[in-house]
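In what follows, a single structure is set out as structure tokens and then discussed.
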Number of protein chains: 4
Amino acid sequence: MVAHQVAVQIGLRRRLYQEMEPSARAQQGLSRANTFIVLLVLLSFALFALETEPTIQGPARQWLSILNLIVLIVFAVEYVVRFWIAGEDPRYRGAAGRVRYFLSPFVLTDLAAFLPELLWLLFQPAGDDSMLMFLRVLRLARLAKIARFVPAFKVLGVALMRAGSQLLTALAMALALVFVAAVLLYFIEGVGEGREEFASIPRSVWWAVSTLTTVGYGDVYPVTVGGRIAAGIVAIAGIGVVALPAGIFASAFADELREREQTKRKQKTAVQPSSD
Amino acid sequence: MVAHQVAVQIGLRRRLYQEMEPSARAQQGLSRANTFIVLLVLLSFALFALETEPTIQGPARQWLSILNLIVLIVFAVEYVVRFWIAGEDPRYRGAAGRVRYFLSPFVLTDLAAFLPELLWLLFQPAGDDSMLMFLRVLRLARLAKIARFVPAFKVLGVALMRAGSQLLTALAMALALVFVAAVLLYFIEGVGEGREEFASIPRSVWWAVSTLTTVGYGDVYPVTVGGRIAAGIVAIAGIGVVALPAGIFASAFADELREREQTKRKQKTAVQPSSD
Amino acid sequence: MVAHQVAVQIGLRRRLYQEMEPSARAQQGLSRANTFIVLLVLLSFALFALETEPTIQGPARQWLSILNLIVLIVFAVEYVVRFWIAGEDPRYRGAAGRVRYFLSPFVLTDLAAFLPELLWLLFQPAGDDSMLMFLRVLRLARLAKIARFVPAFKVLGVALMRAGSQLLTALAMALALVFVAAVLLYFIEGVGEGREEFASIPRSVWWAVSTLTTVGYGDVYPVTVGGRIAAGIVAIAGIGVVALPAGIFASAFADELREREQTKRKQKTAVQPSSD
Amino acid sequence: MVAHQVAVQIGLRRRLYQEMEPSARAQQGLSRANTFIVLLVLLSFALFALETEPTIQGPARQWLSILNLIVLIVFAVEYVVRFWIAGEDPRYRGAAGRVRYFLSPFVLTDLAAFLPELLWLLFQPAGDDSMLMFLRVLRLARLAKIARFVPAFKVLGVALMRAGSQLLTALAMALALVFVAAVLLYFIEGVGEGREEFASIPRSVWWAVSTLTTVGYGDVYPVTVGGRIAAGIVAIAGIGVVALPAGIFASAFADELREREQTKRKQKTAVQPSSD
């Protein structure tokens, strides 16, 4: 009877493994369990955002706390289940395998994403709120959960590699331009006119970044004739150069996505050669 | 004599149908009646805009009301005429066909675009102006009229489909970046420095959106050294990523337009093979 | 002797015509006389800008007036010379030809670019300065001089034609988006919150243009939660769409320029087949 | 023994030459000595920026001065070493060769990047700080050191040449648009409404640059109905045109980088034809 129980358990473990481990899944797309996890991560980010809003008080705040606790518990359960089903993977079998699983980056990140905060909430240690605040930053580790299940996030890394040295060169060029523009305005507006906002090169760099990315908050801008001429030349000459690194990355990302879709479509065509 | 009258009516209906139904038209381009409707929609939007302007008072406002009433009546007449001529379409013949026509989305939208407001103006029911305001929002339904007659607006949907999963992935990436940037600045400027504008993550998200789209209103910006360094890195690294979804859609839209023009040009060449 | 004088005059006229009429010139590039005219137009624009600056007073202003008078006289001389040498062109021979020349658009523009202002300065009629101001706007007609001599400006029109219906469609889409965004924010911020900056749709349109072009002056921005959410969605979804018309024109312009250069290079290669 | 010493010296000179002269290096990439120089230049720019920050006082400032002095001395040593090893290059042998080396642009720039400031610090001449400030601007000459060792910076010049006349044409177009927009707003807002920010064309040009580059600081913007309509049209029509020169340069730069990488990859494949 014990053997039968173990067999049932093993069967359950296999089914759970196929449900929760994307690489073990036969069909395309996200399994229902993982879709739920992804949605829960998105919900937990929404909770994270709302919890920091000081104008939300009273019962609404209590609901946020309760929902947050539920999310933490679900992530704890998910962690335990994943730890259990990891035995299906030959790499993680046995005690040594389990230790190896425990120490793998994704699993440690998973742990950091719920354990410290859960322990704090359960034991309420003496300590100020800034500690709890820090624990909440760890919630960003939940992005790793999405990165694991949603293939789009994997493309991010590939696109960075693909853009490679082009990206680095463009970035170096952009930074050099930002620095030269900042030095220019520092001398014209800061040294020449004694303006507070350009009183040092680091402050001028803030102006240069805000201008060359075309954000232009309006907290710092040149007011003298010379400064405006220099700023105008810098702006017309430079906006494309500073947008270049982000543009190179963006086009590498779009190219990678397009190629993946084409490969997928070809594979489909290869599987059904008689259709269409 | 009755039969003759019916025959005249049927002849009129057919001619009107060919004039007002784009799919039944032999020539290319918009018919005169539909051009008039499109221009009337544009005029009605201008009226809509001007009516909301509180500084327009006195006779100018009365003229706006009169013009608006005329537009409503023309749309009512157009609706009745289209309802009548719909009998030319085999799908909408007979009582059941008329009900089917009445319930089709475009026709319901057409009704919503003039009937509620016209009824309000004719019967002047007791009720505050905010109700009338709401009825005016329904005027945006008139965009559907343009979408039906101007092919360019149909391309919009095709371009969205075409960009498809690429668009979704880029959008997810952009939103993730906005969120991470907001959390970063929330901790540096909000928690660290107690600044009101970054006092919660939702408020920081407003900063992140305004910065990463490079709009940069200047209502929220970092003032501390750490915040400015973080904001600078986020701006240089991120502006391309947040512009990516709109860029992917824009290029899909432009590609779709180009291909349609080429197809059209080829068809013309095929029709007149001897000319050059 | 009279015959001889006429012959000399005719020879001078021919040489001047070949110097000043780009289409009659054998070599490539701008002739010295036309280069001088183009530089003079640029100088006259600089004078135009500086003359409007109220902080420039005293002798500097007098120098500006003198330089401006010289420029006007040179343009007058240029006009007379061009009128004289137009006789080299068969189309403009004889009295009727001269009238036809006088009434051609470029020539009328040339006249408007100096005559009204010169007459004003010479006769100093009674009248306020705003009249003189208006006469100065006519100086922008001098751009036509550049457009005639610098081929790059001709590309402008070709690029507009080339982008054609694509440009129009993208423009319509951009304007529709601006309008819908404005209506949205008008209802959320203006009607819902009674904010002055969104108190009517035309005012909201100003916000929508300033946001969707990513200029973001910071004179108008949403402050309510709903308004910021709507503005954020509009900004992320829309910045690419509103940048589309300018982007389509810019790429058509760049394509046209590239093709012209390639054509020029091919022609050179065809002329010197043995070299390289 | 003297001959032996000379031989050792010559051997050292050769090895130093191969280490410090990129063109004499067998392996790809930057040598350790030049990597150190590049990092030192970056450090010296960081020092430059921090030295101008008035809030850095006391011991931190003294550390900056000491680090700066060390950097100057290292650059002096580097200069002397490079002068010595230049004898390895046949072009710079002998007294005449050394003079030629001394007068070559890169070497003069290298001298300007440390000598004036070092002399000032060593002899502390009577004179105000603005003189020292000017000497510090010469530090930007150190960018030339990076330009010499990092190939990416060489691509800059090639990309400018490549974009060539296209870049110039686009720039002329952008400047013309800026000028016309400025004149337009000057007449509508400045002359028509007496607004200080548009009171002259040069001031309007500042608005036009800030708007058409989409920086939009918010220090200058139209407030009248006419001005806003004109500004809106200018913004929608013009943002792509003013971004064009920077975009043309950016794409020429990216193309040049891509081609260089492909060439490098082909060369590698050609060297190892049997691999892969």
* Only one of (1) modelled with pLDDT of 90 or more; (2) away from chain D (no Cβ under 14 Å) is not met by C:Ser44, so which one is it? -> (2)
* Asked: Do we find a residue being free of Cβ contacts under 8 Å to residues at least 40 places away in the same chain and either under 19 Å from the mean Cα position of the chain (by Cα) or in the same structural domain as A:Leu42 (by TED's automatic domain parsing) (or both) anywhere in segment A:156-178?
  -> yes
* Asked: If you check every pair at least six apart or on different chains, which have Cβ atoms under 7 Å apart with a residue in segment B:194-206 that is on the phi > 0 side of the Ramachandran plot and in contact (Cβ under 8 Å) with a residue 24 or more places away in the chain first and a residue that is part of a helix (DSSP H, G or I) and of a type outside the set (Lys, Arg) second?
  -> none
* To do: Being within 8 Å of chain B (Cβ to nearest Cβ) and buried (at least 24 other Cβ atoms within 10 Å of the Cβ) is the filter here, so list the residues in segment A:219-246 that pass it.
  => A:Val242, A:Ala243, A:Pro245, A:Ala246
* Evaluate segment D:227-247: report whether one residue or more is modelled with pLDDT of 85 or more, among the basic types (Lys, Arg) and over 31 Å from the mean Cα position of the chain (by Cα). => yes
* Give me a count of the residues in segment B:205-260 that are under 24 Å from A:Glu53 (Cβ atoms), part of a helix (DSSP H, G or I) and β-branched (Val, Ile, Thr). => 5
* Would a scan of segment B:250-263 turn up a residue that is within 27 Å of C:Ala174 (Cα to Cα), in contact with a Leu (Cβ under 6 Å, 6 or more places away or on another chain) and either crowded, with 16+ Cβ neighbours inside 10 Å or in contact (Cβ under 8 Å) with a residue 60 or more places away in the chain (or both)? -> yes
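Which of the residues spanning segment B:195-205 are crowded, with 24+ Cβ neighbours inside 10 Å and facing chain C (nearest Cβ under 10 Å)?
Matches in segment B:195-205: B:Arg203 only.
Per-residue answers, yes or no, for (1) away from chain B (no Cβ under 14 Å); (2) out of contact with any Pro (no Cβ under 8 Å at 6 or more places or on another chain):
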position: A:Ala95; (1), (2): yes, yes
position: A:Arg98; (1), (2): yes, yes
position: A:Phe102; (1), (2): yes, yes
position: A:Thr109; (1), (2): yes, yes
position: A:Trp120; (1), (2): yes, yes
position: A:Leu160; (1), (2): no, yes
position: A:Ala174; (1), (2): no, no
position: A:Val178; (1), (2): no, yes
* Is there any pair with a first residue in segment B:55-75 that is not assigned by TED's automatic domain parsing to the domain that holds B:Leu43 and a second that is at pLDDT below 90 and assigned to a loop (DSSP other than H, G, I, E, B) whose Cβ atoms are under 6 Å apart and which are 6 or more apart or on different chains, and what are they? -> none
* Meets criteria (touching a residue at least 24 places away in the same chain (Cβ under 8 Å) and over 30 Å from B:Trp206 (Cα atoms)) for A:Gly94 -> no
* touching a Lys or Arg at 6+ places or on another chain (Cβ under 9 Å) and surrounded by 12 or more Cβ atoms within 10 Å (Cβ to Cβ) - does that describe any residue in segment C:56-68? -> no
* **Within segment B:26-70, considering residues that are of a type in the set (S, T, N, Q) and assigned to a helix (DSSP H, G or I), the one nearest to B:Leu143 (Cα to Cα)** => B:Ser44
* So is B:Leu121 without any contact (Cβ under 8 Å) to a residue 24 or more places away in the chain and either surrounded by fewer than 16 Cβ atoms within 10 Å (Cβ to Cβ) or farther than 30 Å from C:Val183 by Cα (or both) or not? -> no
* Would you check if there is a residue in segment C:183-204 being over 21 Å from D:Val234 (Cα atoms), touching a Leu at 6+ places or on another chain (Cβ under 9 Å), among the aromatic types (Phe, Trp, Tyr) and not assigned by TED's automatic domain parsing to the domain that holds C:Ser31? => yes
* Residues in segment B:180-194 that are crowded, with 21+ Cβ neighbours inside 10 Å and more than 10 Å from every other protein chain (Cβ to nearest Cβ): how many? -> 4
* What are the residues in segment D:207-244 that are touching a residue at least 12 places away in the same chain (Cβ under 8 Å) and of a type in the set (S, T, N, Q), if any? -> D:Thr211, D:Thr213, D:Thr214, D:Thr224
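The rows are residues; the columns are (1) among the aromatic types (Phe, Trp, Tyr); (2) closer than 30 Å to B:Glu261 by Cα.
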| residue | (1), (2) |
| --- | --- |
| B:Gln5 | no, no |
| B:Arg32 | no, yes |
| B:Phe45 | yes, yes |
| B:Ile56 | no, no |
| B:Asn68 | no, no |
| B:Tyr79 | yes, no |
| B:Arg91 | no, no |
| B:Arg98 | no, no |
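The values are calculated or read from the model by the stated rules, or taken from the named source; none is laboratory data. This structure is a prediction, so every number in the text was calculated from the model and none was measured. Positions of Cβ are backbone-derived with ideal geometry, glycine not excepted, and every protein chain shown enters the neighbour counts.
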